[in-house]
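Right, one structure below, let's go through it.
The values are calculated or read from the model by the stated rules, or taken from the named source; none is laboratory data. What you see is a predicted model, and the numbers here were worked out from it, not measured in a lab. Backbone-built Cβ (ideal geometry, glycine too); neighbour counts: all protein chains shown. Quick note on the areas: whole protein, heavy atoms, side chains included, nothing else; ligands and nucleic acids left out. Shrake-Rupley method; radii C 1.70, N 1.55, O 1.52, S 1.80 Å.
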Amino acid sequence: MTQDPGSSQQVVVRLDGVHKEYGDAKALDGMSLEIRAGDAVAVMGPSGCGKSTLLNMVAGLDRPTSGAVEVHGQDLGKLNETGLALFRRRHIGMIFQFFNLIDDLPALDNVALAAQLTGISARQARRRALELLDELGIADRKDTYPAALSGGERQRVAVARALMNRPALLLADEPTGALDSRSGEQVMDLLIDLNQIGQTLLIVTHDPHLATRCASRLIEVADGRVARESALEPSA
Ligand SMILES: Nc1ncnc2c1ncn2[C@@H]1O[C@H](COP(=O)(O)OP(=O)(O)O)[C@@H](O)[C@H]1O
Ligand SMILES: [Mg+2]
């Protein structure tokens with residue numbers, strides 16, 4: 001793991017001159033950034049500026065056209081597809097605007113499933129899933145299917161699923177975008193609590209309120225590059 005002489009915090013994410021092209025479209029155009037352990041970073045910018053592409057690169061869901069992506073000390077370019085999938089499962093948690101839960105499974109199984117192929121038993125997985133649902137205040141919804149959960153409950157199940165494997169990094173792509181303001185606030189509070197106990201966060205949002213409440217740093221993206229970076233004051 002590389003460290004700056006000036007900082008004792010580990011670098012969790014480093015992008016160095018990352019370009020991503022889809023045909024003629026430049027989704028990322030030389031993006032460089034660094035995120036350290038314990039950071040809560042908000043990413044903002046207009047629709048189509050490359051925010052989701054950035055998260056996909058960091059999660060190893062897609063590969064850059066050129067440039068390097070390093071996460072948790074691993075150069076993702078050196079991993080093959082299987083290696084990337086394993087890396088993602090072990091070190092990355094992701095939450096999305098539309099939750100991406102499995103409709104045919106109750107809440108508990110949606111969460112426990114994330115531990116599949118990480119080597120823990122089904123029984124241990126269910127126990128940890130229940131602990132997480134309990135910590136997130138929705139243990140009483142463990143047997144409920146996604147269709148019968150509220151939006152806020154669905155997102156909390158998705159957060160529990162993302163935390164299942166104790167990821168070094170939690171990525172969130174517009175996590176409150178599909179929620180009413182009250183449920184959005186609750187998910188926001190949850191993210192703040194997680195960061196306060198040390199979880200590193202990278203959150204894409206359109207919502208300046210979410211950015212200033214949750215994040216310690218703001219990265220503004222325009223045309224596939226970092227246009228501006230600023231420190232945010234912690235809010236009460
Ligand atoms: N899989 C893809 N195929 C083709 N073009 C894509 C793909 N993903 C993203 N793009 C394009 O790349 C640009 C950035 O997209 P995206 O990262 O989704 O932006 P944002 O999340 O900021 O709205 C857009 O112009 C989009 O149309
Ligand atoms: Mg997007």
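I want to verify a result. In a Gaussian network model of the chain, Cα cutoff 10 Å, which of these has the top mean-square fluctuation: Leu171, Leu202, Leu194?
Leu194
Taking only DSSP H segments of four or more residues, each worth -39500 (n - 2.57), what value at 222 nm results for the chain once the sum is divided by all its residues, to the nearest 500 deg cm²/dmol?
One gets -9500 deg cm²/dmol as the mean residue ellipticity at 222 nm.
Over the chain, with a Gaussian network built from C-alpha contacts below 10 Å, which listed residue (Arg36, Arg123, Arg213) shows the highest mean-square fluctuation?
Residue with maximal mean-square fluctuation among Arg36, Arg123, Arg213: Arg123.
Please work out the ratio of the alpha-carbon Rg of the chain to 2.2 N^0.38 Å and round it to two decimals.
0.99
For segment 27-175, what % of the accessible area comes from carbon and sulfur atoms, probe 1.4 Å?
48 percent
Hey, what angle do you get for helix 181-196 against the long axis of the chain, alpha-carbon based, 0 to 90 degrees rounded to 10?
Taking the Cα atoms of the chain, the angle to 181-196 is about 70 degrees.
Along the charge dipole of the chain, Cβ charges K/R +1 and D/E -1, which of Gln97, Leu170, His209 sits furthest on the positive end?
Among Gln97, Leu170, His209, the one farthest towards the positive end of the dipole of the chain is Leu170.
Hey, can you find the accessible area per residue of the chain for me, probe 1.4 Å, expressed in square angstrom?
In whole numbers, the chain has 48 Å² accessible per residue.
I'd like the orientation of helix 151-163 relative to the chain: the angle between its Cα long axis and the longest Cα principal axis, in ° from 0 to 90, rounded to 10.
70 degrees
Please work out the Cα center distance from segment 134-204 to segment 90-126, rounded to the nearest Å.
13 Å
In square nanometres, what is the average projected area of the Cα convex hull of segment 1-118?
9.3 nm²
By the scheme Lys and Arg +1, Asp and Glu -1, what is the net charge of all other residues having a beta-carbon under 9 Å from that of Gly224?
For residues surrounding Gly224, the net value is +1.
Which lysines, on any chain, are close to Lys26 with Cα under 16 Å apart, when same-chain ones fewer than 8 places away are left out?
Correct list for Lys26: Lys51.
Quick one: net charge around Asn100, please, counting Lys, Arg +1 and Asp, Glu -1 for every other residue with C-beta under 13 Å from its C-beta.
Residues close to Asn100 contribute a combined charge of -1.
Over the chain, what is the percentage of antiparallel beta bridges among all DSSP beta bridges, to the nearest 5?
55 percent
Comparing Gly77, Gly50, Gly152, which has the greatest mean-square fluctuation in the GNM of the chain with Cα pairs linked when under 10 Å apart?
Highest fluctuation of the listed residues: Gly77.
Leaving ligands and nucleic acids out of the surface, order Ser32, Ser181 by accessible area at 1.4 Å, largest first.
In descending accessible area the options line up as Ser181, Ser32.
Using the Cβ atoms and a cut-off under 13 Å, what net charge is assigned to the surroundings of Thr176, where Lys and Arg are +1 and Asp and Glu are -1?
In short, -2.
Compactness ratio of segment 117-235: Cα Rg over 2.2 N^0.38 Å, N = residue count?
1.16
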